[in-house]
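Chemist: Here it is, the structure, as structure tokens.
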Amino acid sequence: MSSMLHSIEVAGILAFASSGFIEARRKRMDVVGVFTVAFITAFGGGTLRDLLLDRRPLFWVENQEYPILIFVISLIAIPFLRHLRNAVTESAIVLADALGLGLFSVTGASLAQEADMPMFVCVMMGVITGIFGGVLRDIICNEIPLVFRRSHLYATCAFAGCWAYLLLNWLQVSEAVALGFGVGICFVLRMLAVRFDWKLPV
């Protein structure tokens, strides 16, 4: 994995873990609950990606510093989370989740491309990587997964971001620019969808 891709993966883990921390705080969980929700949110999508691509060992097993980092942050975060107001937590979850969605989706598409998967499969692998951790988080927190509600565009943003990345990659734009643009498209679309109430038609 390139250093750029590695950095994006770490940023995605932290972004999704943050959304897990905040959601666990909303549900008034103890430190075990906070760590569990953050862990599953951060690693759920990447784990499914690795299983589907038959990548061994799993990315968080190969890089044990990832789960250690989440464990340490879980211990540190709890005192700060207690002081967050509900309005702040709602905005923070949307922001962290949108960032994690973009980072993980594009990473998933890139790794699928490295495995010589067809382009559409690469996109779907990216979408799965981006949404699955959030699906598990919502299920554990007794919520209908965000991607399954008729809410603001979500998986569609990941879909667009992955296509943007692959298109630039096909045009032989530098990997850093392609990755950044794909993440940016996904993140901006998600934030605009929340801001302007964009939804798919029934």
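Chemist: Determine if segment 94-108 includes at least one residue that is more than 16 Å from the chain's Cα centre (by Cα) and in contact (Cβ under 8 Å) with a residue 24 or more places away in the chain.
Modeler: no
Chemist: While we're looking at this one, here's another question. Would you point out the residue of segment 159-183, among those that are open to solvent by 30 Å² or more (accessible area, probe 1.4 Å), of a type outside the set (A, V, I, L, M, F, W, C) and part of a helix (DSSP H, G or I), that is farthest from G20 (Cα to Cα)? Reasoning before the result, please.
Modeler: Of segment 159-183, the ones open to solvent by 30 Å² or more (accessible area, probe 1.4 Å) are 159-160, 163, 167-177, 180-181.
Next cut, of a type outside the set (A, V, I, L, M, F, W, C) only: 169, 172, 174-175, 180.
Subset that is part of a helix (DSSP H, G or I): 169, 175, 180.
Values: N169: 32, E175: 29, G180: 24 Å.
Ranking the candidates gives N169 first.
Chemist: Next question. Collect the residues in segment 139-153 that are open to solvent by less than 80 Å² (accessible area, probe 1.4 Å) and not in a helix (DSSP H, G or I), keeping them in residue-number order.
Modeler: Those that are open to solvent by less than 80 Å² (accessible area, probe 1.4 Å) and not in a helix (DSSP H, G or I): C141, E143, P145, S151, H152, L153.
Chemist: With respect to T156, is the statement that it is among the hydroxyl-bearing types (S, T, Y), within 17 Å of the chain's Cα centre (by Cα) and surrounded by fewer than 19 Cβ atoms within 10 Å (Cβ to Cβ) true?
Modeler: So T156 passes the test.
Chemist: Can you find, within segment 109-153, the residue that is nearest to the chain's Cα centre (by Cα) among those that are hydroxyl-bearing (S, T, Y) and modelled with pLDDT of 95 or more? Explain how you work it out, then say what you get.
Modeler: Quick first cut of segment 109-153, residues hydroxyl-bearing (S, T, Y) only: 110, 129, 151.
Now restrict to residues that are modelled with pLDDT of 95 or more: 110, 129.
Details: S110: 14, T129: 7 Å.
The qualifying residue nearest to the chain's Cα centre (by Cα) is T129.
Chemist: Anything in segment 1-53 that is of a type in the set (D, E, K, R) and in contact (Cβ under 8 Å) with a residue 24 or more places away in the chain? List them, or say none.
Modeler: Result: E9, E23, R25, R26, K27, R49.
The values are calculated or read from the model by the stated rules, or taken from the named source; none is laboratory data. Treat the numbers as computed from the prediction; the structure is a model and nothing was measured. Using ideal geometry, Cβ is built from the backbone for each residue, glycine included, and neighbour counts are taken over all protein chains shown. Note: accessible area is taken over every heavy atom of the protein model, side chains too, but ligands, DNA and RNA are not part of it. Shrake-Rupley method; radii C 1.70, N 1.55, O 1.52, S 1.80 Å.
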